[in-house]
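Data block below; observations after.
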Amino acid sequence: MLIHGGSRGDKSKMDRYCPLFAQRGFVVSTINRRKGTGINPDEIEMLKEAYRALQDSHAALRFLVSNAKEYGIDTAAVFVGGVSGGALMSTGISYMNQQDFDNRYSMITDLFGRMDNSTNELNTKFTVKGVVDMWGQIPDTEFISFEEAQKIPIIMFHGTADSSRSPYEKSLQIAERYQNLGGCYQLHTKTGAGHTQGISKYYIAEKTGCFIKRILCDSCNSFETEVDNQNLKCNNGLFLDKTPLNRTYIKLDPTLLIHYSGTYRTIKKRKRKITIVVDNGQLFIHDKKSEFKAKLYPESENDFYIKEDNIQFSFHKNEKGKVTSLTFFIDAKEINAQKKK
């Protein structure tokens, strides 16, 4: 579920994102919410606006989960996201409960009632699987509990020159909170970019799709990276790791490496070509189409990995010692590829 930002916008603002997520196989919905009525509101008015919008967002998610069968929604895989104020709604739904508001903003509850029973009469419970935070924030990272950090990964997109009420520092604070609690997070930073600027919608859709699929495959990994709007692939478009970090490697005789070089093809219907080359006494995987090239580090004579992405390759030999195939991981599944003769 995507939530728009701005005090004057509506759900049509999310039209630029919804088709891109739908094209990637996700059921996607965007919602309207109540907004503020004044120009340059003070902190109290902004808090009132945020709480009313949070009530509406909560109600919308209850509605979607209540009608999951009709819309084809997997209630075990519900993700929420938004831009700017919509991202604030997403973090609020995911990390803040009624007790948080009662303890810190009791007068808001007195004015508008509970967060989870306004707008409609549905009382359906839901669980958020992950958060997509685009130029957003959370009022206080202390709202993110240890349990929530463990169960609700977050992906963030932000520019360093954001001078809005959701500055870049807010994303850094969330990242630090997740680091301290051992949760999975990803922060995509665009240096020099302002609020809602500098990051392509295609980049956001693709990286978010990668993020969601990793979570669904129980292989979420944390990292911080600079935005490259031309890089629209998961792990360079090839692989998804499921191997441990902090690995070591050995030295192999360069004359042995030539036996691994060649073209390998997967044996499934959707064939994938893998090219292994030797360059300056080192073994590389090379994809000419995407211009991707990565060094393979040996753990043993037949087991290698890509150091940057921590991805495993295992070569297999026949009884005569000739390399005939390799195994690698993609989408957390083991894939075999035969060497072309």
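Go through (1) basic (Lys, Arg); (2) loosely packed, with under 15 Cβ neighbours inside 10 Å; (3) at pLDDT 95 or above one by one and return the number of the condition ARG165 breaks.
Status for ARG165: all satisfied but (3).
So LEU187 passes all but one of these: (1) modelled with pLDDT of 90 or more; (2) under 25 Å from ILE274 (Cβ atoms). Which condition number does it fail?
It is condition (2) that LEU187 fails.
For LYS170, indicate whether it is surrounded by 15 or more Cβ atoms within 10 Å (Cβ to Cβ), among the charged types (D, E, K, R), free of Cβ contacts under 8 Å to residues at least 40 places away in the same chain and within 25 Å of LYS48 (Cα to Cα).
Values: surrounded by 15 or more Cβ atoms within 10 Å (Cβ to Cβ): yes; among the charged types (D, E, K, R): yes; free of Cβ contacts under 8 Å to residues at least 40 places away in the same chain: yes; within 25 Å of LYS48 (Cα to Cα): yes.
Considered against the rule, which asks whether it is surrounded by 15 or more Cβ atoms within 10 Å (Cβ to Cβ), among the charged types (D, E, K, R), free of Cβ contacts under 8 Å to residues at least 40 places away in the same chain and within 25 Å of LYS48 (Cα to Cα), LYS170 comes out as yes.
Read through the list (1) free of Cβ contacts under 8 Å to residues at least 60 places away in the same chain; (2) touching a Pro at 6+ places or on another chain (Cβ under 7 Å), then give the number of the only condition that THR160 fails.
(2)
Would it be correct to say that SER94 is buried (at least 16 other Cβ atoms within 10 Å of the Cβ), outside any helix (DSSP H, G or I) and on the phi < 0 side of the Ramachandran plot? Reasoning before the result, please.
Values: buried (at least 16 other Cβ atoms within 10 Å of the Cβ): yes; outside any helix (DSSP H, G or I): no; on the phi < 0 side of the Ramachandran plot: yes.
Taking the combined requirement at face value, the residue does not satisfy it.
Tell me, please, whether a residue that is within 21 Å of PHE79 (Cβ to Cβ), in contact with a Pro (Cβ under 9 Å, 6 or more places away or on another chain) and outside any helix (DSSP H, G or I) can be found in the stretch 191-208.
no
Here is a yes/no grid of residues against (1) touching a Gly at 6+ places or on another chain (Cβ under 6 Å); (2) among the hydroxyl-bearing types (Ser, Thr, Tyr); (3) at pLDDT below 90:
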{"position": "GLN179", "(1), (2), (3)": "no, no, no"}
{"position": "GLY183", "(1), (2), (3)": "no, no, no"}
{"position": "THR196", "(1), (2), (3)": "no, yes, no"}
{"position": "TYR203", "(1), (2), (3)": "no, yes, no"}
{"position": "LYS213", "(1), (2), (3)": "no, no, no"}
{"position": "SER219", "(1), (2), (3)": "no, yes, yes"}
{"position": "VAL227", "(1), (2), (3)": "no, no, no"}
{"position": "LEU245", "(1), (2), (3)": "no, no, yes"}
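Condition first: over 10 Å from TRP135 (Cβ atoms) and in contact (Cβ under 8 Å) with a residue 40 or more places away in the chain. Now tell me which residues in the stretch 173-202 satisfy that.
ILE174, ALA175, TYR178, GLN179, LYS201, TYR202
Restrict the check to the stretch 126-143 and report whether at least one residue is crowded, with 24+ Cβ neighbours inside 10 Å and touching a His at 6+ places or on another chain (Cβ under 7 Å).
Yes, there is a match, as at least one residue in the stretch 126-143 is crowded, with 24+ Cβ neighbours inside 10 Å and touching a His at 6+ places or on another chain (Cβ under 7 Å).
Counting only residues that are touching a residue at least 40 places away in the same chain (Cβ under 8 Å), of a type in the set (S, T, N, Q) and either outside the structural domain of GLY209 (by TED's automatic domain parsing) or surrounded by fewer than 24 Cβ atoms within 10 Å (Cβ to Cβ) (or both), how many does the stretch 64-91 have?
Adding up the residues that qualify gives 2.
So which of TYR51, TYR17 is over 22 Å from ILE199 (Cα atoms), modelled with pLDDT under 95 and among the aromatic types (Phe, Trp, Tyr)? It would help to see each step written out before you state the result.
Details: TYR17 fails: over 22 Å from ILE199 (Cα atoms).
It is TYR51.
The values are calculated or read from the model by the stated rules, or taken from the named source; none is laboratory data. These numbers were taken from a predicted model, which means no experiment stands behind them. Heads up, the Cβs are rebuilt from the backbone with ideal geometry, glycines too, and the neighbour counts pull from every protein chain shown.
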